[in-house]
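These notes are about the structure you will find just below.
Read-outs: derived from the displayed coordinates by stated rules, not from any lab. All values derive from a computational prediction rather than experimental measurement. A quick note on method: Cβ atoms are made from the backbone with ideal geometry, for glycine too, and the neighbour counts reach across all protein chains shown.
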Amino acid sequence: MKSSVPNQIKRIQYSRKEKILEVSFSDGCLYELSAEFLRVHSPSAEVRGHSPGQEILQSGKSGVQIDAIEKIGHYAVQIIFDDGHDSGLFSWSYLRELGEHKDALWKAYLEKLAVEGKSRDPEIQVLNFYP
């Protein structure tokens with residue numbers, strides 16, 4: 001009997017209403033990852049930097065949506081976010097890693113935001129006009 005490859009994707013489905021990406025693997029594992037979680041953990045150099053210690057903390061992403069998902073070969077997807085970010089390739093193994101460690105990664109992210117005095121909420125810019 002042929003064994004299932006653990007990082008083989010069976011299905012990816014995005015709910016715009018919930019802002020949740022469901023990733024189902026061939027071995028039965030299913031992960032629900034929010035658009036915000038995926039955006040702040042993008043594997044792009046813009047987020048992760050070019051080497052350890054160069055990570056750039058992403059803030060103000062609580063309302064981010066996924067505009068499109070494009071398959072890249074048989075190993076990854078490119079996720080296009082509505083804030084213009086589109087440079088991260090999410091490999092099957094990286095999506096599994098995110099799913100398996102979601103709670104710890106999210107907790108660490110919230111702690112970093114607190115230390116930096118930043119927020120998940122976008123900055124609201126107010127323009128005043130006095131004629």
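What to note about this one:
- For segment 10-131, the relative contact order works out to 20 percent when only alpha carbon pairs closer than 8 Å and six or more residues apart are counted.
- Within segment 1-101, GluC sites (Glu not before Pro) in DSSP loop having at most 13 other beta-carbon neighbours inside 10 Å: E18, E55
- Relative contact order %, segment 1-82, counting alpha carbon pairs below 8 Å whose residues are six or more apart: 18
- Choice from G60, G88, G73 showing the highest fluctuation, given a GNM over the chain with Cα pairs closer than 10 Å: G73
- Summing charges over neighbours of H85, with a neighbour being any other residue whose Cβ is under 13 Å away from its Cβ, gives -3 when K and R count +1 and D and E count -1.
- Here the Karplus relation 6.51 cos²θ - 1.76 cosθ + 1.60, evaluated at θ = phi - 60°, turns the backbone of segment 25-37 into coupling constants of 9, 5, 8, x, 5, 10, 10, 10, 10, 6, 4, 4, 4 Hz, with x for every Gly and Pro.
- Stokes-Einstein D in µm²/s, Kirkwood radius over Cα pairs - segment 29-95 at 10 °C with 1.306 mPa s viscosity: 128
- The chain: angle of helix 102-116 to the longest principal axis, Cα-based, in degrees nearest 10: 20
- Here's the list of lysines a cross-link from K10 could span, going by alpha-carbon distance under 17 Å and ignoring same-chain residues fewer than 8 apart: K2, K71.
- Look at the Cα gyration tensor of segment 72-131: its axes a ≥ b ≥ c give a/c of at least 1.5 with a/b at or below b/c, and that counts as oblate.
- Rg [Å, one decimal], Dmax [Å, integer] - segment 1-129, C-alpha atoms: 15.9, 72
- Anchor K112: lysines whose Cα lies under 22 Å away (excluding residues fewer than 8 positions away in-chain): K61, K102
- Computed over the chain with a Gaussian network model linking Cα atoms closer than 10 Å, the most mobile of G84, G53, G63 is G53.
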